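The values are calculated or read from the model by the stated rules, or taken from the named source; none is laboratory data. From a predicted model like this one, the values you see are computed outputs, not experimental measurements. We place every Cβ from the backbone using ideal geometry, glycine too, and count neighbours over all the protein chains shown. For the accessible areas, the whole protein counts, side chains as well, though only heavy atoms, and no ligand, DNA or RNA atoms are used. Shrake-Rupley method; radii C 1.70, N 1.55, O 1.52, S 1.80 Å.
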Amino acid sequence: MLPQVLFLYFAFAIVALSLAVITRKNPVHSVIFMLVLFFHIAALYLTLNAEFLAAIQIIVYAGAILVLFLFVVLMLNLKEEVTEHRYISLWAVGVLLSIAISAIFLMTLSSIPLGAKGVFSPDVIASETHTVALGKLLYTEFLYPFEIASVILLVAIVGAVVLAKKRLKS
Amino acid sequence: MVPLEWYIWLATAVFAIGVAGFLTRRNIIIMFMSIELMLNAVNISLISFSYYLQDLRGHILSFFVITVAAAEAAIGLAIIISLFRNKATVHADEMNEMKG
Amino acid sequence: MDHIVTDILEFIFLMWFAIFSAGTLDVLINIGIIILKIAAVVAVVMTHVAYATYFERKAIGHMQVRLGPMRVGPHGILQPIADFVKLFFKEDIIPAQADKPLFYIAPVIAVFAAMSSLAVIPFFNGFVIANLNIGLLFILAMSSIGAYGIIMAGWSSNSKYSFLGGLRSSAQVISYEIAMGLSLVGVVMMAGSLNLTDIVKAQQAYPLKMYIFPQFLGFFVFMVAAFAETNRTPFDLPEAESELVAGYFVEYSGMRFALFFAAEYIGMILMALLGAICYLGGWNGPFQIPYIPFAWLLVKVYCIVFLFYWVRATVPRYRYDQLMALGWKIMIPLTLLNIVITGVIKILT
């Protein structure tokens, strides 16, 4: 009974908060709603036995990415944003498209083939701790993707510095 | 135990909200946040599949999604800043020229 | 404000489950024990916060050949109580152009971020409110949430001084958080666990039951990052009183100001606890002290807190670009070097 109740609470909170994120006039309020949303998603991961990912969700998403958003919003200082139109004039088309996409997703739901179960049952993860299990898999089977991810991050660092730097007058 | 379908419904709903936000808002920062919403929806479905199939590969995949999201946010926000420097606006529908 | 409502609903759900499920009595006893533990930790830490302010003023006073507070009680021993009563009864002023919901909630976030980290701190063997497997990551996550309280206070006050202070402070906290996280990686590699209790137990095999000797580089970077994380001198640029008046909380008054003040001191005590647990061996000491299992932890925490006071009385403030250069160009490479050395030694032995 409790897992269902918890899931329903988290599901309704997540949907309501994501609606709040895309409808607020003031971008700062959107960011704050998104912060609360990330906390709820992290808690949802905890119910799915993914404690390391829950921590990463808070540290990386809430602690780094969202702070970056907040910095940019504050830097651009959009005072006039509050008084202007929030949506494009063809907003109905966008809403229809998103409803259509979700309808396609839900139609395929009944035909998802679930494969064979793996070896990481909740007991195995609990005895080994999630961090250790994830680390072992990451540094053996997924070593090359891991290295590629580090290169992607390097490219992002260099790209962000080059793009956001003030152009020197030549 | 919560059925797997519930998690997929939740992920679909969040993804749809992200799509709607991306397609309807004028503010390019909110559009970026909608992309983050979509990525989070994907993560929710990956982790729930991983839980039900008792396999950690979904967790690894969502780990990489978070990494790419961080890189994407850094680059995207840098582009927004340089756009704002040139145009003094963050509205996507006012950026309609190829030059400068 | 609706996430407060949802949090209350969550709490009601949990209580409802606790009362109506099977094994009701066990669950109720467990909840009771947890609540008692929380009450004990909060009471002890808040007392320490109150008297940390008093001893800071006394210690710095004597270092500068002054007496410090002397009026309230003998040698000013009741000064924190007088301060608290004064702040409690002051008017709660809100600037006219402030963003009210964010202005209200910012100090609460600051205190919440500082306090919730205390839940995973082991005070002595077996006494920890929540024995998480990812305790260290939890503390890092919560300290990154603390930046929101600061930046929201700075922005919502709608004042130049507080906005500049908030921007400076959050940039500083985020930069030094990387150095702090990387410096703790060395400890995690040696202990092989993110659980703080396991980290303390893993240190018993080392000289003086401490990690400080093999991890001296990590400890050095950790302490510097701890000073920056808590916005203490020599990195107190966010509140640089000579240029920014008081930084991000310049528009706050009364209880809300007191909350920010408390958050800063809780953060300081938390960093001292974390340093004592990760590098100085936690509750273990050279010999056992009977009947007081947390005695060594207290001694170590007091030493680190005194270091905070000592540095404040001695070292002048850094310039902002020097602060950032120190963080990114010296501290982070040092921690990376530390990780490489620790890894090589761990492979060789």
Taking the stretch B:1-28, which residues are over 22 Å from A:Val5 (Cβ atoms), out of contact with any Ser or Thr (no Cβ under 8 Å at 6 or more places or on another chain) and within 7 Å of chain A (Cβ to nearest Cβ)?
B:Thr24, B:Arg26, B:Asn27
Go over the candidates C:Ile347, C:Ile341 one by one and state the one that is surrounded by fewer than 17 Cβ atoms within 10 Å (Cβ to Cβ), over 24 Å from C:Gly135 (Cα atoms) and without any contact (Cβ under 8 Å) to a residue 12 or more places away in the chain.
C:Ile347
Only listed residue being open to solvent by 40 Å² or more (accessible area, probe 1.4 Å) and either more than 18 Å from the chain's Cα centre (by Cα) or under 25 Å from C:Gly181 (Cα atoms) (or both), chosen from A:Leu76, A:Leu138, A:Leu68
A:Leu68
For C:Val45, state whether it is outside the structural domain of C:Leu270 (by TED's automatic domain parsing), modelled with pLDDT of 90 or more and aliphatic (A, V, I, L, M).
yes
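Matching residues to (1) under 30 Å from B:Asp93 (Cα atoms); (2) touching a helix residue (DSSP H, G or I) at 6+ places or on another chain (Cβ under 6 Å); (3) modelled with pLDDT of 90 or more; (4) facing another protein chain (nearest Cβ under 8 Å):
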position	(1), (2), (3), (4)
A:Pro27	yes, yes, no, yes
A:Glu51	no, yes, no, yes
A:Ala62	yes, yes, no, yes
A:Asn77	yes, no, no, no
A:Thr83	yes, no, no, no
A:Ser89	yes, no, no, no
A:Ala100	yes, no, yes, no
A:Phe105	yes, yes, no, yes
A:Pro113	no, no, no, no
Take the stretch C:80-104 and flag every residue that is open to solvent by 70 Å² or more (accessible area, probe 1.4 Å) and of a type in the set (D, E, K, R).
C:Lys86, C:Lys90, C:Glu91, C:Lys100
Kindly evaluate C:Glu264 against the criterion of being open to solvent by 20 Å² or more (accessible area, probe 1.4 Å) and either at pLDDT 90 or above or more than 12 Å from the chain's Cα centre (by Cα) (or both).
no
Scan the stretch B:1-34 for residues that are among the hydroxyl-bearing types (Ser, Thr, Tyr) and either open to solvent by 20 Å² or more (accessible area, probe 1.4 Å) or more than 17 Å from A:Ala13 (Cβ to Cβ) (or both) and jot them down.
B:Thr24, B:Ser34
Candidate set from the stretch C:158-210 (those that are of a type in the set (S, T, N, Q) and either open to solvent by 30 Å² or more (accessible area, probe 1.4 Å) or in contact with a Lys or Arg (Cβ under 6 Å, 6 or more places away or on another chain) (or both)); member that is nearest to the other protein chains (Cβ to nearest Cβ)
C:Asn158
For A:Ala42, work out the one condition from (1) more than 9 Å from chain C (Cβ to nearest Cβ); (2) open to solvent by less than 10 Å² (accessible area, probe 1.4 Å) it doesn't fulfil.
(1)
Does any residue of the stretch B:53-67 turn out to be among the basic types (Lys, Arg), more than 7 Å from chain A (Cβ to nearest Cβ) and farther than 22 Å from A:Phe146 by Cα?
no
Take the conditions within 12 Å of chain C (Cβ to nearest Cβ), among the aliphatic types (A, V, I, L, M), surrounded by fewer than 16 Cβ atoms within 10 Å (Cβ to Cβ) and in a helix (DSSP H, G or I) and apply them to A:Met34. Does it pass?
no
